[in-house]
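The values are calculated or read from the model by the stated rules, or taken from the named source; none is laboratory data. In this text, all values refer to a predicted model and were calculated from it rather than measured experimentally. Please note: Cβ atoms are built from the backbone with ideal geometry, for glycine as well, and neighbour counts cover all protein chains shown. What goes into the accessible areas is simple: the full protein's heavy atoms, side chains included, and nothing from ligands, DNA or RNA. Shrake-Rupley method; radii C 1.70, N 1.55, O 1.52, S 1.80 Å.
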Amino acid sequence: KGKARKLAKHSDVEIKQAAVLGAGIMGGGIAYQSAYKGTPIVMKDIQQDALDLGMGEASKLLGAKVKRGHMPMEKMLATLSKIKPTLNDADLQNANIIVEAVVENPKVKQAVLADLEKNLPEGTVLTSNTSTICIDLLAEALDKPENFCGMHFFNPVPKMPLVEIIRGAKTSDKTINAVVDYALKLGKSPIVVNDCPGFFVNRVLFPYFAGFSKLVVEGANFAKVDKVMENVFGWPMGPAYLLDVVGIDTAYHCTGVMADGFPERMARAEKDPVTVFANEKRFGQKNKAGFYKYE
Ligand code: CAA
Ligand code: NAD
């Protein structure tokens with residue numbers, strides 16, 4: 001923390017406006033948090049439905065604060081007005097920092113980042129919220145990799161303090177400092193980490209998910225595993241419920257990247273539940289069916 005604050009003091013990039021690409025679970029959360037902490041943000045998606053969902057979620061979270069008497073109605077409206085939902089690339093022009101939060105697919109992310117770089121003013125800080133994909137691989141698509149790094153938030157964004165900032169081989173100190181600064185502005189606790197598949201947290205979390213999936217293939221009851229992890233081991237969520245929260249589609253893509261990077265740690269079993277559910281389009285809470293069903 002001390003180190004991060006010192007770095008932030010030296011950042012000379014002023015973040016007056018941010019943008020996020022993707023209005024899904026993470027993009028919506030990032031937009032909410034930025035607006036809540038006072039930095040206006042443009043939220044861009046390719047689907048109007050996704051924008052509506054993202055805005056709806058932000059209104060719900062803010063509405064709950066008003067209801068509990070933690071926020072006056074005017075502040076709620078002012079906060080909501082700091083999020084600009086859009087389908088239009090031209091609205092990204094004034095952002096000093098952009099967080100890419102589209103699907104966990106290297107080819108899609110590379111195309112999106114290259115396109116952004118081409119059409120934005122020089123000096124815009126580009127970041128990716130990728131869970132697992134190496135920053136250096138994404139940077140290959142860019143002419144100015146020095147302006148790019150990972151900015152990995154955790155789900156749910158409004159509640160999880162950690163943000164991993166991933167330094168690629170060519171990332172400049174200026175970029176890292178600006179991103180640390182923005183993370184602190186969002187009220188988060190940033191850590192700067194080196195690049196590898198899964199960075200720090202998902203290098204630990206995804207082998208745990210893989211171990212859990214193997215247990216299920218071997219006959220363990222997922223709901224009983226969750227109960228033990230939650231009620232006896234004391235974690236807030238067991239692995240099956242957490243996979244539903246993350247999104248099984250996202251977890252499936254992350255598992256692939258991690259298995260390529262660390263085959264020895266990723267106990268892959270044939271017909272593991274993440275692969276089966278991903279193929280059946282049971283994506284977890286986002287479409288109301290995963291390990292569990294949701295109303
Ligand atoms: N979005 C926003 N706020 C939420 C929320 C959500 N999805 N879920 C709960 N909250 C809020 C509640 O509204 C409540 O707000 P107030 O304090 O203002 O009242 C607060 O959180 C506490 O809610 P609860 O009492 O219901 O929940 P809790 O105190 O037990 O904790 C939690 C909630 C912090 C999310 C906890 O359940 C937790 O730590 N879960 C584990 C989450 C986790 O491991 N995330 C990492 C996923 S992996 C990842 O993100 C990386 C990746 O790349 C895939
Ligand atoms: P999601 O499926 O909820 O949302 C993805 C959104 O991106 C969708 O709304 C989709 O319409 C949009 N999109 C796709 N292509 C686009 C494009 N070209 N331009 C703009 N928008 C586009 O996914 P998510 O869970 O929010 O994950 C997004 C990223 O964040 C992934 O890289 C994921 O690995 C990472 N991440 C996810 C979690 C998590 O727990 N879900 C946690 C940390 C990081």
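Got a number for residues in region 32-60 being in contact (Cβ under 8 Å) with a residue 40 or more places away in the chain and touching an Asp or Glu at 6+ places or on another chain (Cβ under 9 Å)?
3
How many of the residues making up region 153-182 are in contact (Cβ under 8 Å) with a residue 40 or more places away in the chain and open to solvent by less than 10 Å² (accessible area, probe 1.4 Å)?
Going through region 153-182 one residue at a time, the tally reaches 8.
Please give the number of the condition Lys107 fails out of (1) away from ligand 1 (no atom under 16 Å from the Cβ); (2) farther than 30 Å from Phe209 by Cβ; (3) loosely packed, with under 13 Cβ neighbours inside 10 Å.
(2)
Please count how many residues of region 237-295 are open to solvent by 50 Å² or more (accessible area, probe 1.4 Å), on the phi > 0 side of the Ramachandran plot and modelled with pLDDT of 95 or more.
2
Return the residue satisfying two criteria in turn: it lies in region 162-206 and is among the small types (Gly, Ala, Ser) and away from ligand 2 (no atom under 13 Å from the Cβ), and of such residues it is nearest to the chain's Cα centre (by Cα).
Ala183
Applying the selection to region 128-161, what residues are in contact with a Lys or Arg (Cβ under 7 Å, 6 or more places away or on another chain) and within 13 Å of ligand 2 (Cβ to nearest atom)?
Across region 128-161, the qualifying residues are Ser128, Thr130, Ile133, Leu138.
Only one residue in Ala95, Ala78 is open to solvent by 10 Å² or more (accessible area, probe 1.4 Å), in the same structural domain as Tyr32 (by TED's automatic domain parsing) and either among the aliphatic types (A, V, I, L, M) or within 12 Å of ligand 2 (Cβ to nearest atom) (or both). Which one?
Ala78
This table checks each residue for (1) more than 11 Å from ligand 2 (Cβ to nearest atom); (2) at pLDDT below 95; (3) of a type outside the set (Asp, Glu); (4) surrounded by fewer than 18 Cβ atoms within 10 Å (Cβ to Cβ).
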{"site": "Gln33", "(1), (2), (3), (4)": "yes, no, yes, no"}
{"site": "Gln48", "(1), (2), (3), (4)": "no, no, yes, yes"}
{"site": "Leu51", "(1), (2), (3), (4)": "no, no, yes, no"}
{"site": "Gly69", "(1), (2), (3), (4)": "yes, no, yes, yes"}
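Could you list, ordered by first residue, the pairs with Cβ atoms under 7 Å in which the first is in region 102-131 and free of Cβ contacts under 8 Å to residues at least 40 places away in the same chain and in the same structural domain as Phe153 (by TED's automatic domain parsing) and the second is near ligand 2 (Cβ under 6 Å from one of its atoms) and hydrophobic (A, V, I, L, M, F, W, C), at least 6 apart or interchain?
Sorted first by the residue in region 102-131, then by its partner, the pairs are Val108/Val102; Lys109/Val102.
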